[in-house]
Amino acid sequence: MEGLTIHTSSKDYPVYVGTGVIEELGSFLKEKFPSLTNLLIITDENVGERYLSILVSVLSDFKPLSYTVPNGEFAKTFEIYQQCLTFALEKKLDRKSMILAFGGGAVGDLSGFVAATYMRGIPFIQIPTTILAHDSAVGGKVAINHPLGKNMIGAFYQPEAVFYDLDFLHSLPIHERRSGFAEVVKEALISDLNFYQWLEEHISNLEQLTEEQFSYMLEKGIAIKGSFVSKDEKESGVRAFLNLGHTLGHAIEGEAGYGKITHGEAVMIGMVFALELSCELLGLTFNLSKFKNWVKKLGYEIAIPTHLDHQRLIYRMKQDKKSVGGHVQFVLLNQIGEPVLKEIDDQYLLESLKMYRGEVE
């Protein structure tokens, strides 16, 4: 079984992408973890209902345990995190046990953080079931949310492997497809003009993606993510560029209430805003009107929700992990494939938000 390899300073691990790759998970575990004692699958309500029986069947030799958490960002709370730890303790998982994160990005974030902190760290494997999770499953950023900020409580903790079976993607609702595709667009914008042009040319309807399109764009996105992670595992430098669109996007998620707007749809708003700033401040030469028309045809809303207050959004952005000394930093683009970090003055940011919303002529 061939796959991509993610190289980091702490660990190298494989990523397997394709139809039916989950069938190889059992043999992988037997070969790589011969002393494995217990397997705990953490999944969410939607994925559990549809696919848990398939995964349990594949792993029948291991008699895995399973624990089901709420869907989406509702899983990434202190309460659910503690419940997962309690379940693991009650079932007597030890340091030779393993956690399988079976679901979307939220389940992966939560499960990885449980694994990172249970008995000071036990191994885990990511089994993504959404497009969005192609980004979050690779790179080892695991976390839960705090009411004052998204992903503020977490760790850098790499998985042992990623098994990305495309069969799990077919039942995704359209809003989840949009959420995940936004991260693919981000990866193209920060690294690869040719990949971006391919996306713009070939992806015109997210409800009618072919298996070849799925496979190509996900493998390409994972490879891009891996290249940044290999250079900067703990986000002290270039890895921060993977946050294009996330400064405003995370603020929108937090102010709207986690789970009220999908991560990727909020990030798309943040990306359009960042591209506008890039044109204004850095002279980015980019057909922004064409970009806006394309993503709107794909079903994205690119306006900041009208009920969100500008000052509250700025307050949220100041709590972003990229902020330094209370100053908001954005990932902007000098050109496609050339991202930079830029500190934005509060007053300029406020006026830009008003302009973006059309409140100032």
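The values are calculated or read from the model by the stated rules, or taken from the named source; none is laboratory data. Predicted model only: the values in this text are computed from it and were never measured. Here Cβ is always computed from backbone atoms with ideal geometry, including for glycine, and neighbour counts include all displayed protein chains.
The figures follow:
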| item | result |
| --- | --- |
| Hits in the range 84-124 - residues which are at pLDDT 95 or above and either in a loop (DSSP other than H, G, I, E, B) or not assigned by TED's automatic domain parsing to the domain that holds LEU29 (or both) | LYS91, LYS92, LEU93, ASP94, ARG95, LYS96, SER97, GLY121, ILE122, PRO123 |
| Residue satisfying condition, being exposed (fewer than 15 other Cβ atoms within 10 Å of the Cβ) and out of contact with any His (no Cβ under 8 Å at 6 or more places or on another chain), within set LYS290, LYS220 | LYS290 |
| Extreme residue, nearest to the chain's Cα centre (by Cα), among residues of the range 188-210 that are surrounded by 13 or more Cβ atoms within 10 Å (Cβ to Cβ) and closer than 16 Å to ILE174 by Cα | LEU206 |
| Subset of the range 324-361 (residues that are without any contact (Cβ under 8 Å) to a residue 60 or more places away in the chain and in a loop (DSSP other than H, G, I, E, B)) | GLY325, GLY326, ASP345, GLY358, GLU359, VAL360, GLU361 |
| Given (1) outside any loop (DSSP other than H, G, I, E, B); (2) β-branched (Val, Ile, Thr); (3) buried (at least 23 other Cβ atoms within 10 Å of the Cβ); (4) assigned by TED's automatic domain parsing to the domain that holds SER27, index of the condition VAL185 fails | (4) |
| The one condition in (1) buried (at least 23 other Cβ atoms within 10 Å of the Cβ); (2) under 12 Å from the mean Cα position of the chain (by Cα) that VAL162 fails to fulfil | (2) |
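Table: residues versus (1) buried (at least 17 other Cβ atoms within 10 Å of the Cβ); (2) in contact (Cβ under 8 Å) with a residue 40 or more places away in the chain.
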| site | (1), (2) |
| --- | --- |
| THR8 | yes, yes |
| GLU23 | no, no |
| PHE28 | yes, yes |
| GLU31 | no, no |
| TYR67 | yes, no |
| THR77 | yes, yes |
